[in-house]
Structure formats: C-alpha cells, structure tokens
Amino acid sequence: MSAQFVDSVMATVVARNPGETEFHQAVHEVAESVAVVIDKHPELAKAKIFERIVEPERQLMFRVPWMDDKGQVQVNRGFRVQFSSAIGPYKGGLRFHPSVYLGIIKFLGFEQVFKNALTTTAIGGGKGGSDFDPKAKSDNEVMRFCQSFMTELFRHVGPDTDVPAGDIGVGGREIGYMFGMYKKLTNTFTGVFTGKGLEYGGSLVRTEATGYGLVYFVSRILEARGMSWKGLKVVISGSGNVAIYAAQKAQQLGANVIALSDSNGYIVDPRGIKVDTVKRIKEVERGRIKEYAQEHSSAKYTEGWEGIWTTPCDVALPSATQNEIDEAAAKALVKNGCKAVGEGANMPSTPEAMKVFLDAGVSFAPAKAANAGGVATSALEMSQNSMRLSWPFEEVDARLKQIMDNIYDQCVQASEVYGAKGNLVIGANIAGFLKVAGAMMAQGLV
Ligand code: NDP
Ligand code: 2IT
C-alpha cells in the first residue's frame with residue numbers, strides 16, 4: 001500500500017510538473033515518510049489531503065523589466081508560489097539567483113509548508129524570487145530591480161495574506177528597497193516583509209536566527225549521543241547569512257569552526273575562523289571568501305566549493321544550497337569521522353547522501369526542522385509588528401531556543417510513534433504533515 005501511494009502520487013506530480021526535478025525530489029521524500037500515516041488514517045486518504053498539498057494554491061510568474069547602469073534594458077522573471085494557507089498567511093523567503101526557475105521555487109515552497117507547521121507559529125507556506133543575479137550589480141541597479149519586482153508583487157502580498165522575507169541573494173538591502181516600494185504603492189506601513197531593518201519594524205535576532213537556531217537544534221542531537229560542542233571540529237559550507245551566524249554561535253558554545261566556502265572555493269583555517277573578518281568581507285564589502293586567506297596566513301584557500309567535504313570534521317553544517325552534498329561527499333565525511341550533520345540550507349543533501357548518513361549512524365538533523373529558526377523568528381517579527389512593540393534581544397533569542405527545542409521534541413516523538421525511532425527526517429515530515437492535514441480537514445474542501 002505504501003509503495004503504491006508513493007508511486008501514484010509521484011506519477012501525477014511528475015506528469016503535472018515536467019522537468020521540475022528539485023520539486024519532484026522534495027515531494028518524493030515527504031511522500032515516502034507520510035505513506036505510513038496515510039495507511040493508518042483512511043480519512044486523510046479519502047480527503048486526498050496529500051494530493052491537495054502537492055498542488056500549490058496559487059502560482060504567479062511575471063516580467064520584471066529594469067534598466068542597468070549603462071542604460072540597457074534588462075528583463076528578468078519574477079515568481080511567487082503561494083503554496084498553502086492552511087495554518088496562516090503564506091510565509092517564506094525570496095531567492096535572487098541565476099539558477100532560479102519554477103521548479104526551485106516550488107521545492108522551496110513545498111518544504112516551507114511543513115517547516116512552518118513545525119515552528120508552532122501560525123504561518124502558511126510560500127516562496128518566491130527571480131533569476132536576477134545581484135552579484136556585481138551596483139546598489140542602484142539592485143534598487144531599480146527590487147522596485148520593478150514590487151510593482152507587480154505588491155498586489156499579491158500583504159501582512160495578512162502573504163509575507164515574504166530573504167533567502168539566497170536577498171538580505172537587508174533588498175528587503176529595504178522592496179518594503180519601500182510596497183509602502184509607496186499601497187500607502188500603508190505594515191509588517192508585509194520580515195527581515196526588515198531595526199529602524200523600521202525589524203526584529204532583533206532575525207539576522208542571526210537561522211544560524212543560531214541550527215546550532216540550538218544540533219545541540220540536541222549532540223546531547224542525545226552524549227556529546228557537546230566543546231572542542232568539536234566543525235565544517236560549514238557557504239559564507240552567507242546562515243553560515244556566518246551558525247559559525248558565530250558554534251564558536252560561542254566552544255566549537256572550533258575550521259572551514260567556510262562560497263560558490264568559487266573554500267577556506268580552511270585550523271586555528272579557527274575569525275567570524276568578524278568574514279562578516280566584513282561578505283556583509284560590508286560584498287567580497288569573496290578567498291580574500292579571507294589573503295588576510296589570515298593560517299588559512300588556506302582552495303578553488304572549487306565541492307572539496308570542502310573532504311575536510312575532516314566532527315560536525316558538518318551544509319549552509320549554502322540544495323544538493324551540495326552528494327553520495328561521494330557524504331562517504332568522504334563519514335570516512336573522515338563526521339558524527340553529526342545539521343542542514344542549514346534547504347535540501348542540501350541528495351537522497352543518496354542522506355542514506356549514507358543514516359546507514360552510518362551519523363546523527364542527522366534535516367533542513368525542515370534544523371533551519372526553521374529563521375522563519376520562526378520571522379513569525380516573532382510579525383507578532384511584534386502586530387503589537388507595535390519590540391522585544392529585547394534576550395527575549396527573542398530565548399523564544400527561538402524554546403521553539404527549536406520544541407521542534408526537536410516533535411520530531412523525536414513522531415519518529416517513535418510511527419516506528420522510525422531516531423530518524424528525524426521521517427519525524428519532521430510526519431509531524432509537519434499531521435499539523436497541516438489537521439487544519440485542512442477542519443476547514444473542508446477548499
Ligand atoms: P546567502 O545569499 O546569504 O548566502 C548563500 C551562500 O551560499 C553564499 O556563500 C553563496 O556563495 C553560497 N552559494 C549559493 N549558491 C551556491 C551554489 N550553487 N554553489 C555553492 N555555493 C553557493 O543565503 P543564505 O545564507 O540566506 O541561504 C543559504 C541557504 O540557507 C539556502 O539554502 C537557503 O534557502 C537556506 N535558508 C536560509 C534562511 C534565511 O533565513 N536566510 C532560512 C532557512 C534556510 P556565493 O556568494 O558565491 O553565491
Ligand atoms: O527557507 C527559509 O525558511 C527562509 N528563507 C526564511 C523564510 C522567512 O520567511 O523568514
């Protein structure tokens with residue numbers, strides 16, 4: 001029955017969404033996990049809950065024309081996929097990267113539905129973005145692009161409808177430009193975005209939240225095997241928002257973070273990465289990770305990002321992008337003694353890589369659970385905006401930690417109830433699914 005359910009769901013999803021391989025991959029993983037739940041609950045099968053969840057409520061694609069600094073007209077494509085409003089307004093980031101197409105936005109939107117359910121906050125799932133590449137663009141070009149993007153997106157979002165935030169290529173600068181145009185077009189000042197600047201409604205800790213939350217979650221999987229961060233060698237891929245603050249928190253807890261990367265290559269600094277240098281290079285100068293090795297002679301730079309997984313470590317935190325750890329990379333990590341993996345990025349491990357980790361007894365924290373701290377803190381930003389109040393750093397951080405603990409407990413519990421004790425991939429998928437399914441059942445066929 002289980003295999004039949006997965007096959008029949010996948011046949012429809014592949015036929016209906018041709019060529020969207022990342023979306024197929026994300027759906028397949030969840031379908032495999034929840035098949036046992038569908039078996040036990042004929043009412044969910046009858047209501048075709050899973051078949052409804054894999055079909056986004058609404059998908060928007062639009063033209064984004066803008067003028068570059070040379071006076072040339074440029075044309076990009078914009079996306080917003082409003083996946084599920086079962087438990088709250090659509091919520092999820094915007095990604096600006098040349099690799100963006102509908103299949104990427106749909107895989108991210110689909111993952112977001114279950115992740116957001118796990119946070120215990122009232123947010124549905126969505127995702128958006130563009131194939132625009134912010135790299136090497138001037139501030140003015142980025143502003144003109146963001147303004148053009150919003151002249152279409154503004155009519156589809158709103159503080160009680162759909163609340164975007166950042167993702168790859170979208171940080172505080174881009175959110176500011178988009179928020180400004182939204183405010184002007186609608187003549188409203190609302191919490192329509194999260195990840196806003198602190199001067200205009202942002203929340204303390206939102207910048208740090210995904211990386212900090214990841215480390216809080218991994219603390220629990222380490223504890224479960226009698227370990228702590230003290231003295232552990234940690235390798236983190238990426239050097240963006242998630243990677244930087246994961247590195248900072250892991251160091252605060254006593255770990256030795258030795259490697260970071262970007263899409264060109266990676267650095268290894270056995271004495272421990274100086275996070276302040278990385279923050280300046282990446283956040284202020286918008287430079288490359290290679291420059292770190294020019295400033296710190298203890299560090300070595302290697303061209304090509306894939307090699308980072310051959311660096312021996314105790315803990316790996318993939319925090320760059322999807323499918324960045326394949327089977328060979330996973331085997332290299334296991335062979336070199338890696339004991340725990342925490343996914344900061346969305347779907348960074350291929351299905352084959354995940355199997356290598358689980359078979360080898362590596363403690364594995366799946367993305368939907370482990371990186372949920374960012375969007376959870378976005379929900380806290382929405383709460384503060386609604387109250388027109390802002391909470392101190394310590395309060396938001398304490399709430400974030402509590403939420404990550406709660407997500408961990410939900411995943412462990414669901415894995416036990418459904419006969420997969422200790423498998424947090426299955427636990428996260430089932431716990432997230434049950435919440436969304438419950439809300440959909442209660443709301444009727446809509
Ligand atoms: P940033 O844009 O801040 O940083 C992305 C980092 O990953 C950069 O170092 C970038 O290098 C690297 N990278 C991006 N694409 C590739 C690629 N194809 N190959 C190798 N390296 C790559 O993004 P974030 O840190 O915000 O996001 C990182 C991951 O975390 C994504 O998967 C995102 O979906 C996920 N995530 C983000 C959250 C958030 O709150 N920001 C929340 C939850 C998950 P380069 O500069 O060379 O492109
Ligand atoms: O993947 C993610 O969870 C994010 N990019 C954060 C989304 C959000 O709305 O804060």
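For region 359-374, the set of residues classified as within 13 Å of ligand 2 (Cβ to nearest atom) and in a helix (DSSP H, G or I) consists of 367, 368, 369, 370, 373, 374, listed by residue number. Screening residue 82 on (1) of a type in the set (S, T, N, Q); (2) without any contact (Cβ under 8 Å) to a residue 60 or more places away in the chain; (3) within 26 Å of residue 376 (Cα to Cα) shows it passes everything except condition (2).
Selection of region 181-197 for residues being away from ligand 1 (no atom under 11 Å from the Cβ) and touching a residue at least 24 places away in the same chain (Cβ under 8 Å) yields 181, 182, 185, 186, 190, 191, 192, 193, 196, 197.
Among the residues that make up region 270-284, is at least one of them of a type outside the set (Phe, Trp, Tyr), closer than 28 Å to residue 404 by Cβ and touching a Cys at 6+ places or on another chain (Cβ under 6 Å)? Checked against the condition, which is being of a type outside the set (Phe, Trp, Tyr), closer than 28 Å to residue 404 by Cβ and touching a Cys at 6+ places or on another chain (Cβ under 6 Å), region 270-284 yields no hits at all.
Residues in region 114-127 that are assigned to a strand (DSSP E or B) and away from ligand 1 (no atom under 12 Å from the Cβ): 125, 126. Show me the strands (runs of 3 or more DSSP E) entirely contained within region 224-336 in which 3 or more residues are buried (at least 17 other Cβ atoms within 10 Å of the Cβ). Because the criterion is at least 3 residues that are buried (at least 17 other Cβ atoms within 10 Å of the Cβ), the strands (runs of 3 or more DSSP E) in region 224-336 that meet it are 233-236, 256-261, 265-268, 315-317. Please state which one of 246, 255 is within 10 Å of ligand 1 (Cβ to nearest atom) and of a type outside the set (S, T, N, Q). Among 246, 255, only 246 is within 10 Å of ligand 1 (Cβ to nearest atom) and of a type outside the set (S, T, N, Q). Selection of first residues in region 288-312 that are within 16 Å of residue 238 (Cβ to Cβ) and of second residues that are in a helix (DSSP H, G or I) and modelled with pLDDT under 95, restricted to Cβ pairs under 9 Å at least 6 apart or on distinct chains, gives an empty result.
For region 87-99, filtered to residues that are away from ligand 1 (no atom under 11 Å from the Cβ) and farther than 17 Å from residue 367 by Cα, the residue that is nearest to the chain's Cα centre (by Cα) is 90. Of the residues making up region 375-386, none is on the phi < 0 side of the Ramachandran plot and assigned to a loop (DSSP other than H, G, I, E, B). Within region 143-179, restricting attention to residues that are part of a strand (DSSP E or B) and away from ligand 1 (no atom under 13 Å from the Cβ), which residue is farthest from residue 104 (Cα to Cα)? In this case the residue turns out to be 158.
For the residues 370, 345, 376, 414, the requirement of being in contact with a Phe, Trp or Tyr (Cβ under 6 Å, 6 or more places away or on another chain) and under 30 Å from residue 206 (Cβ atoms) singles out 370.
This table checks each residue for (1) modelled with pLDDT of 95 or more; (2) crowded, with 16+ Cβ neighbours inside 10 Å; (3) farther than 27 Å from residue 444 by Cα.
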{"position": "27", "(1), (2), (3)": "yes, yes, no"}
{"position": "40", "(1), (2), (3)": "yes, no, no"}
{"position": "45", "(1), (2), (3)": "yes, yes, no"}
{"position": "50", "(1), (2), (3)": "yes, yes, no"}
{"position": "55", "(1), (2), (3)": "yes, no, no"}
{"position": "67", "(1), (2), (3)": "yes, no, yes"}
{"position": "75", "(1), (2), (3)": "yes, no, yes"}
{"position": "97", "(1), (2), (3)": "yes, yes, yes"}
{"position": "101", "(1), (2), (3)": "yes, yes, yes"}
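The values are calculated or read from the model by the stated rules, or taken from the named source; none is laboratory data. Predicted model only: the values in this text are computed from it and were never measured. Glycine gets a Cβ as well: all are built from the backbone with ideal geometry, and neighbour counts include every protein chain shown.
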